[in-house]
Amino acid sequence: MKRVITYGTFDLLHYGHIELLKRAKALGDYLVVALSTDEFNWDSKQKKSYFSYEKRKKLLEAVRYVDLVIPEESWDQKEKDIKLYQIDTFVMGDDWKGKFDYLRDDTDAEVIYLPRTPEISTTRIKTDLNSK
Ligand code: C2G
């Protein structure tokens, strides 16, 4: 069984996220999503998500491509996660291109960056809604 992992906030879940999850799942048989906790979002990304961790987790667990949702609490848990969940492939959108190449040396996982879906982002949704 080929196991894939990806990380993110996934706030205001939209089709760009779904496209990422769909392509990530297509790279294996089992997809783990490490979901940024509210604390990690605020402390490390200066992001305040609209939906709480618990609500974002429920939404992701309802997505057919997702097999397991775990908390992302720090930038440097990736090596541990890859080992603990026996991950074969680490996937992120290409806005992160290069940022996680070190995992190729530190783990046995392949690192893949997938093209982002253009024209959609949580920021854009919020901006558009505010301008209505
Ligand atoms: N994404 C995408 N297309 C979009 C928007 C997002 O492919 N239009 C992808 C991002 O590239 C990322 C994933 O969807 O791989 C989740 O996006 P975010 O929730 O914005 O994740 P981010 O805040 O970048 O957190 O440790 C890594 C971080 O947790 C990533």
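Ligands, DNA and RNA left out, the 1.4 Å accessible surface of region 30-78 is 52% carbon and sulfur atoms. Between residue 18 and residue 110, the simple spin-label model (points 7 angstrom out along Cα→Cβ) gives 2.7 nm. Take every pair of alpha-carbon atoms less than 8 Å apart whose residues are at least six positions apart; their mean separation over the length of the chain yields a relative contact order of 30 percent.
Roughly how big is the chain's charge dipole about its Cα centre, with Cβ charges of +1 (Lys, Arg) and -1 (Asp, Glu), in debye to the nearest 20?
On the way: 23 positive and 24 negative charges, 121 e Å.
Taking the Cα centre of the chain as origin, the dipole is about 580 debye.
Across the chain, Cα-Cα distances exceeding 26 Å account for 17% of all pairs.
Inter-label distance, residue 42 to residue 99: 2.1 nm, where each label sits 7 Å from its Cα along the C-beta direction. The magnitude of the dipole of region 1-78, with charges of +1 and -1 set on the Cβ of Lys/Arg and Asp/Glu and taken from the Cα centre, is near 360 debye. Dipole of region 1-46 computed with +1 at Lys/Arg Cβ and -1 at Asp/Glu Cβ about the Cα centre; of 42, 15, 27, farthest Cα towards the positive end is 27.
Over region 7-66, calculate the relative contact order: mean separation of alpha carbon pairs under 8 Å at least 6 apart, over the residue count, as a percent. Relative contact order here is 46 percent.
Using a probe radius of 1.4 Å on heavy atoms only, what accessible surface per residue do you get for the chain? Whole Å² is fine. Spell out each step's value before the answer.
Working: 7600 Å² over 132 residues.
Roughly 58 Å² per residue, with all protein chains present.
The values are calculated or read from the model by the stated rules, or taken from the named source; none is laboratory data. Keep in mind that this is a model prediction, so the values were computed, not measured. Every residue, glycine among them, receives a Cβ derived from its backbone with ideal geometry; neighbour counts consider all protein chains shown. All accessible areas refer to the heavy atoms of the entire protein, side chains included, with ligands and DNA or RNA removed. Shrake-Rupley method; radii C 1.70, N 1.55, O 1.52, S 1.80 Å.
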